[in-house]
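Engineer: Take a look at this one; I'll ask things after.
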Amino acid sequence: MLIKAENISKVYGSGASQVTALHRANLEIASGEFLSIMGPSGSGKSTLLHLLSGLDYPTAGSLSYDGQEIYQLRDRELSAFRRRRIGFIFQQFHLLPVLTARENILMPLLLDKKQADSAYFDELTELLGIRDRLAHLPHELSGGQQQRVAIARALIAKPDIIFADEPTGNLDSKSGAEVMRMLKNIWEKMGRTLVVITHDHRIAQMAARKVVIVDGVLSEGEQKGAEVL
């Protein structure tokens, strides 16, 4: 799946209060790629992620997935597209507190009225090291375990691409390093496209390709091989 963003911009407000969060960004993301988008707080990286994933609409520009212009989809169609083809991992875990880890992971399938692939579920939870925590409620899990559950939830519908927005932001350095190793392991073993938004240089360097965003302007960073934290 090729993702192609052409001249996408996002402007908030008007007149003297107008703020350009993203300015004419161009980016292609190839199938199976591990890409990091790095920038300081307020640089526009989360805005870019929201636009690339169809969570928000740009002020100008186009975004296509395998040639399909997703901004032209109706709200219901776009919602279904995101649910079936895109996995999201956020800094906040967004787990439902009254559901067990297993129930939280399976929630996207329930919303789509689909049955879980039990073999895939077992493989995923084994890779993430949470097989023995599935009956626990979120408050009974550590921060790192909660983020692993959130990762499993993002992957359960077998999406083509995973967008991770500061996935280690709520974790200590040890738990954060473990989560990133697991994400890298999943990328290597399952062949999913992975896009990680981060302000952390060490995390950005784990990706095979890096782009940098500063003051809403995107530029290609140096390409390096993946490193382990």
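The values are calculated or read from the model by the stated rules, or taken from the named source; none is laboratory data. What you see is a predicted model, and the numbers here were worked out from it, not measured in a lab. Counting neighbours? That spans all protein chains shown, and the Cβs are built from the backbone with ideal geometry, glycine included.
Engineer: Considering every residue within the range 107-118, establish whether at least one is out of contact with any strand residue (DSSP E or B) (no Cβ under 7 Å at 6 or more places or on another chain), small (G, A, S), part of a helix (DSSP H, G or I) and farther than 16 Å from F163 by Cβ.
Structural biologist: Yes, the range 107-118 contains a residue that is out of contact with any strand residue (DSSP E or B) (no Cβ under 7 Å at 6 or more places or on another chain), small (G, A, S), part of a helix (DSSP H, G or I) and farther than 16 Å from F163 by Cβ.
Engineer: Further question on the same structure: If you go through the range 97-112 one residue at a time, how many are modelled with pLDDT of 95 or more and aliphatic (A, V, I, L, M)?
Structural biologist: 5
Engineer: Show the residue pairs meeting these rules: Cβ distance below 7 Å; 6+ apart or different chains; first residue within the range 121-137 and at negative phi; second residue of a type in the set (G, A, S).
Structural biologist: From the range 121-137, the pairs are L124/A152; T125/A152; L128/A152; I130/A101; I130/A152; R133/A101; L134/A101; H136/A101.
Engineer: So L128 clears everything in (1) at pLDDT 95 or above; (2) among the aliphatic types (A, V, I, L, M); (3) within 23 Å of the chain's Cα centre (by Cα) except one condition, right? Which one?
Structural biologist: (1)
Engineer: Restricting attention to strands (runs of 3 or more DSSP E) lying wholly within the range 1-84, give those where 2 or more residues are surrounded by fewer than 16 Cβ atoms within 10 Å (Cβ to Cβ).
Structural biologist: By residue number, 3-12, 19-29, 60-65.
Engineer: Pairs please, first residue from the range 63-84 and farther than 16 Å from F163 by Cα, second anywhere and at pLDDT below 90 and of a type in the set (A, V, I, L, M, F, W, C), Cβ atoms under 8 Å, 6+ apart in sequence or on different chains.
Structural biologist: As it stands, the answer is D66/M1, since those pairs meet every condition given.
Engineer: Right, another one. Among the listed residues R84, R102, which satisfies the condition of being of a type outside the set (G, A, S) and either over 23 Å from T168 (Cα atoms) or in contact with a Gly (Cβ under 8 Å, 6 or more places away or on another chain) (or both)?
Structural biologist: The match here is R84.
Engineer: Could I ask something else about it? Taking the stated definitions as given, is F93 in contact with a Phe, Trp or Tyr (Cβ under 6 Å, 6 or more places away or on another chain) and either on the phi < 0 side of the Ramachandran plot or among the acidic types (D, E) (or both)?
Structural biologist: No.
Engineer: Okay, next question. Could you check the range 137-216 for helices (runs of 4 or more DSSP H) lying wholly inside it with 2 or more residues that are modelled with pLDDT under 90, in contact with a Lys or Arg (Cβ under 9 Å, 6 or more places away or on another chain) and buried (at least 19 other Cβ atoms within 10 Å of the Cβ)?
Structural biologist: Result: 173-190.
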